[in-house]
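First comes the structure, then the notes that go with it.
The values are calculated or read from the model by the stated rules, or taken from the named source; none is laboratory data. For clarity, every value in this text was computed on a predicted model and none was experimentally measured. Cβ sites come from the backbone with ideal geometry, for glycine too, and all protein chains shown count toward neighbours. When the accessible area is computed, the model is the full protein with side chains, heavy atoms only, and any ligands, DNA or RNA have been set aside. Shrake-Rupley method; radii C 1.70, N 1.55, O 1.52, S 1.80 Å.
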Amino acid sequence: MKTMIFDFDERNIEKISQLLAEDKVGAIPCDTIYGFCARSNNSTREKIYELKKRPQNKNLITLMNKEYLSRSSLIVPKFLYDIWPAPLTAILKKKDSDETVAVRIPNDSFILSLIDSIGPIWSTSVNISGQPSLNTFEDIKKFFDNEVDFIVKKEIKGEAVASTLVDFSSDEVKIIRQGAFDIKPYLI
């Protein structure tokens, strides 16, 4: 497979949306760090797990917009709608089920345009599971060239920080990973 390279440019959204609609997997810079991204479905989920060598019991993050979230079957604390878009990933419980889903509404017009075009997108850090995240185009190309369908090239300035991960699926809210967003003032 020949990996296609695209610049992080609004003019490429249509091409990238088409690839995602065809269930291709790409490395895309999100509002936090680079992510393996694909349209949210079972086929692409398996591709990402294989690419990352990720254990099946670890969920992927679903990137969506407020419209998709409001129509979902997830139990969403109302104050999250005031926080999002932000680098905050929330683990939410499905209504009438014990199943949980990790969700983030990204604070990035490029990613939100892709979501508007094709719907929710899977995302997880670009790396082999258990290894450090790769956050430069050069590193991603070095390790995953000819492994992913495409890479979106963007110069990342400063240190990339993953999203804060908070479990809202039970009465006891738990901060799983402190990242780019300070949730503590909202939990008082």
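For the chain, with a Gaussian network of springs between Cα atoms less than 10 Å apart, report the residue from Ile128, Ile33, Ile105 with the top mean-square fluctuation.
Most flexible of the set in this elastic network: Ile128.
Are there trypsin sites (Lys or Arg not before Pro) in the stretch 1-109 that DSSP puts in a loop and that have at most 10 other Cβ atoms within 10 Å, and which ones?
Details: sites: Lys2, Arg11, Lys15, Lys24, Arg39, Arg45, Lys47, Lys52, Lys53, Lys58, Lys66, Arg71, Lys78, Lys93, Lys94, Lys95, Arg104; in loops: Lys2, Lys24, Lys53, Lys58, Lys78, Lys95.
Listed in order of number, the matching sites are Lys2, Lys78, Lys95.
Cross-link candidates for Lys52: which lysines have Cα within less than 22 Å, leaving aside residues fewer than 8 places away along the same chain?
Lys2, Lys24, Lys141, Lys142, Lys153, Lys154
Using the Karplus curve 6.51 cos²θ - 1.76 cosθ + 1.60 with θ = phi - 60°, work out ³J(HN,Hα) for each residue of the stretch 174-185 in order, rounded to whole Hz, and write x for Gly and Pro.
Karplus-based 3J(HN,Hα) across the stretch 174-185 equals 10, 7, 7, 9, 7, x, 6, 10, 8, 7, 3, x Hz.
Can you check what the net charge comes to around Ile176, using other residues whose Cβ is under 14 Å from the Cβ of Ile176 (Lys, Arg +1; Asp, Glu -1)?
Within the 14 Å Cβ shell, the charges total +3.
Express the carbon and sulfur contribution to the solvent-accessible surface of the chain as a percent, rounded to the nearest whole number, probe 1.4 angstrom.
47
Please report the antiparallel percentage of DSSP beta bridges with both residues in the chain, rounded to the nearest 5. Can you show the working numbers first?
Working: 20 of 33 bridges.
Once the DSSP bridges in the chain are tallied, antiparallel ones form about 60 percent.
Only one of the values [x] 15.8, 50; [y] 15.2, 47; [z] 19.9, 83 was calculated from this structure for Rg and Dmax of the Cα atoms in Å; name its label.
Only one listed value fits the structure, namely [x].
Please go through the stretch 1-36 and write out the GluC sites (Glu not before Pro) that DSSP classes as loop and that have at most 15 other C-beta atoms within 10 Å.
Glu22
What ³J(HN,Hα) values, in whole Hz, does the Karplus curve 6.51 cos²θ - 1.76 cosθ + 1.60 give for the stretch 142-151 when θ = phi - 60°, with x put for Gly and Pro?
Couplings: 4, 8, 10, 4, 6, 10, 9, 6, 7, 10 Hz.
Straight-line reach from Lys174: which lysines have a Cα under 22 Å away, not including same-chain ones fewer than 8 places off?
Cross-link targets: Lys58, Lys78, Lys93, Lys94, Lys95, Lys184.
Would you please classify the overall shape of the stretch 1-112 from the alpha carbon gyration tensor, given that a ≥ b ≥ c denote the square roots of the eigenvalues, rounded means a/c under 1.5, and beyond that prolate means a/b larger than b/c while oblate covers the rest?
Details: a/c = 2.07, a/b = 1.34, b/c = 1.55.
Oblate is the answer for the stretch 1-112, as a/c is 1.5 or above yet b/c matches or exceeds a/b.
Restricting to DSSP loop positions (anything but H, G, I, E, B) with no more than 13 other Cβ atoms inside 10 Å of their own Cβ, which trypsin sites (Lys or Arg not before Pro) remain in the stretch 110-188? Write out the running numbers ahead of the final one.
On the way: sites: Lys141, Lys142, Lys153, Lys154, Lys157, Lys174, Arg177; in loops: Lys154, Lys157.
Hits after loop and neighbour filter: Lys157.
List the residues whose amide H sits under 5 Å from the amide H of Ile91, counting only those 5 or more places along or on another chain, with H placed 1.01 Å from N in the peptide plane.
It is Val103, Val166, Asp167, Phe168, by chain and number.
What whole-number value in Å² describes the accessible area per residue of the chain for a 1.4 Å probe?
About 52 Å² of surface per residue is accessible.
Rounded to whole Hz and in sequence order, give me ³J(HN,Hα) for the stretch 66-81 from the Karplus expression 6.51 cos²θ - 1.76 cosθ + 1.60, θ = phi - 60°, writing x for Gly and Pro.
The phi angles translate into 4, 4, 4, 4, 5, 8, 6, 9, 8, 8, 10, x, 4, 5, 5, 5 Hz.
Mean residue ellipticity at 222 nm from the helices of the chain, using -39,500 (n - 2.57) per DSSP H segment of n ≥ 4 over the full residue count, to the nearest 500 deg cm²/dmol?
Result for the chain, helices only: -7000 deg cm²/dmol.
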